[in-house]
1. Indicate the gyration tensor shape class of the range 1-47 (rounded, prolate or oblate), computed on the Cα atoms with a ≥ b ≥ c the square roots of the eigenvalues: a/c under 1.5 is rounded; otherwise a/b larger than b/c is prolate and the rest oblate.
2. Could you tell me the distance between the Cα centroids of the range 58-116 and the range 16-43, to the nearest Å?
3. In the chain, once you exclude exposed trypsin sites (Lys or Arg not before Pro) (DSSP loop, at most 10 other Cβ within 10 angstrom), what's the longest stretch remaining?
4. So how much slack lies between Lys113 and Glu55, counting 0.36 nm per residue of separation and subtracting their Cα-Cα distance, in nm?
5. Quick one: Karplus J couplings for the range 5-22, per residue in order, coefficients 6.51, -1.76, 1.60, θ = phi - 60°, nearest Hz, x for Gly and Pro?
6. Quick one: compute a quarter of the convex hull surface over the Cα atoms of the chain and quote it in nm².
7. Set Lys and Arg Cβ to +1 and Asp and Glu Cβ to -1, take the dipole of the range 51-115 about its Cα centre, and tell me which of Gly80, Val96, Thr114 lies farthest positive.
8. What number, in percent, do you get for the relative contact order of the range 51-115 if the mean sequence gap of Cα pairs under 8 Å and at least 6 apart is divided by its residue count?
Amino acid sequence: MAQTRNSCITIRVSAAERKAITERARSVGMTLSAYLRKMGQSGFVRARLTDTDRERLGTLGALRSDIARLTNALSGLSPGQRMQIFRSTDFVEKWVVKVNRALDFIDRFIDEKTQQ
């Protein structure tokens, strides 16, 4: 059951401070009250993900899974089998390096977004 919030804390701030605090609250998708409550309780606020951010993270997560599965399947093949698929072992090796870089980028992006 949700707690009833019926106790009030009054603080004095300048107009500029109020504007700055209100803008920070808005930038993380929170009301002024929720922002100040969270800051007072934990000392930090994690920015909320927008619908677009959530959609992009879902897409990136699916892409990462697809690429990882494909990379694992290819790494289990012999050079001859990979050559049959791609006709060039050199191409496959370079491709795997590039895919691994993309996976690292995706991992960093997801970590960055989820740590905000």
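No lab work stands behind these numbers, since they all come straight from the coordinates. Predicted, not measured: the structure shown is a model, and the values here were computed from it. Quick reminder, even Gly has a Cβ in these numbers, built from the backbone with ideal geometry, and neighbours come from all protein chains shown.
1. Working: a/c = 2.04, a/b = 1.28, b/c = 1.59.
Judged from the Cα gyration tensor, the range 1-47 comes out oblate (a/c at least 1.5, b/c at or above a/b).
2. Taking the Cα centre of each part, the range 58-116 and the range 16-43 sit 41 Å apart.
3. Numbers: sites that count: Arg5, Arg12, Arg87.
Looking at the chain, 13-86 is the longest stretch - no exposed trypsin sites (Lys or Arg not before Pro) with at most 10 other Cβ atoms within 10 Å.
4. On the way: separation 58, 0.36 × 58 = 20.88 nm, distance 1.21 nm.
19.7 nm is the gain from fully extending Lys113 to Glu55.
5. With coefficients 6.51, -1.76 and 1.60, one gets 9, 10, 9, 10, 10, 10, 10, 10, 9, 6, 4, 5, 5, 4, 4, 5, 5, 4 Hz.
6. On the way: hull surface 46.5 nm².
Directional mean of the projected Cα hull area for the chain stands at 11.6 nm².
7. Among Gly80, Val96, Thr114, the one farthest towards the positive end of the dipole of the range 51-115 is Gly80.
8. Numbers: 20 pairs, mean separation 25.1, N = 65.
After rounding, I find 39 percent.
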